[in-house]
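Some notes on the structure that comes next.
The values are calculated or read from the model by the stated rules, or taken from the named source; none is laboratory data. For clarity, every value in this text was computed on a predicted model and none was experimentally measured. A quick note on method: Cβ atoms are made from the backbone with ideal geometry, for glycine too, and the neighbour counts reach across all protein chains shown. Ligands, DNA and RNA are excluded from the accessible area calculation, which covers all protein heavy atoms including side chains. Shrake-Rupley method; radii C 1.70, N 1.55, O 1.52, S 1.80 Å.
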Amino acid sequence: RMLDAKGNSAVFLFYAYARIRSIQRKAGIEIGSIDQNRLEVKHPAERDLALKLLQFPDVIEAILADLHLHHLTDYLWELCNTLTTFYMKCKVLGEEAQSSRLLLCEATRKVLLKSFELLGFTPLDKI
């Protein structure tokens, strides 16, 4: 179970991060060059992912309040599940909404990266 790529495991979290990096490589666009005003949340799966990302500061505050690190791992599992639903329902590359969805992926990558750093993990760009 610990190495299950589909379950509540570090491998599942690393896979989500690597998948974002793969999409970014395939896009062939420097994410920093996309105007942040291009972010539009229209599809329900985009909305769900954006709302989950907005919970990150609250999770950090909860950890600081009670020192229970499992809040972060639980949040990461939920975030990666929400990200998986987003991938399944919203094609990123080659769509009219590509720039917006790339920005949403980048925001997710940054939250994952900061979380991994807090947990002492080094993510992989490829698995």
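For Glu46, the criteria (1) of a type in the set (Asp, Glu); (2) farther than 19 Å from Arg21 by Cα; (3) surrounded by 13 or more Cβ atoms within 10 Å (Cβ to Cβ) hold in every case but one, which is (2).
Evaluated against (1) more than 12 Å from Tyr17 (Cα to Cα); (2) in a helix (DSSP H, G or I); (3) open to solvent by 70 Å² or more (accessible area, probe 1.4 Å), Leu103 falls short on exactly one condition, (3). Checked against the criteria, Gln24 does not count as at pLDDT 95 or above, polar (S, T, N, Q) and open to solvent by 20 Å² or more (accessible area, probe 1.4 Å).
In the condition set (1) in a helix (DSSP H, G or I); (2) among the aliphatic types (A, V, I, L, M); (3) within 15 Å of the chain's Cα centre (by Cα), Ile60 is compliant with all but (3). Taken as a whole, the range 33-44 holds no residue that is among the hydrophobic types (A, V, I, L, M, F, W, C) and assigned to a helix (DSSP H, G or I).
Considering the range 110-127, the residues that are charged (D, E, K, R) and more than 12 Å from Ile20 (Cα to Cα) include one that is surrounded by the most Cβ atoms within 10 Å (Cβ to Cβ), namely Lys114. Restrict the check to the range 84-92 and report whether at least one residue is within 17 Å of Tyr15 (Cβ to Cβ) and exposed (fewer than 13 other Cβ atoms within 10 Å of the Cβ). Yes, the conditions are met somewhere in the range 84-92. Residues in the range 13-30 that are within 21 Å of Glu117 (Cα to Cα) and not small (Gly, Ala, Ser): Leu13, Phe14, Tyr15, Tyr17, Arg19, Ile20, Arg21, Gln24. Inspect all residues belonging to the range 86-106 and state whether any of them is more than 20 Å from Ile29 (Cβ to Cβ) and of a type outside the set (Lys, Arg). Yes, some residue in the range 86-106 is more than 20 Å from Ile29 (Cβ to Cβ) and of a type outside the set (Lys, Arg).
The combined condition, being part of a helix (DSSP H, G or I) and not aliphatic (A, V, I, L, M), is not fulfilled by Lys91. Might you check whether a residue that is crowded, with 17+ Cβ neighbours inside 10 Å, within 16 Å of Pro44 (Cβ to Cβ) and touching a residue at least 24 places away in the same chain (Cβ under 8 Å) occurs anywhere in the range 70-80? Scanning the range 70-80, I find no residue that is crowded, with 17+ Cβ neighbours inside 10 Å, within 16 Å of Pro44 (Cβ to Cβ) and touching a residue at least 24 places away in the same chain (Cβ under 8 Å), so the answer is no.
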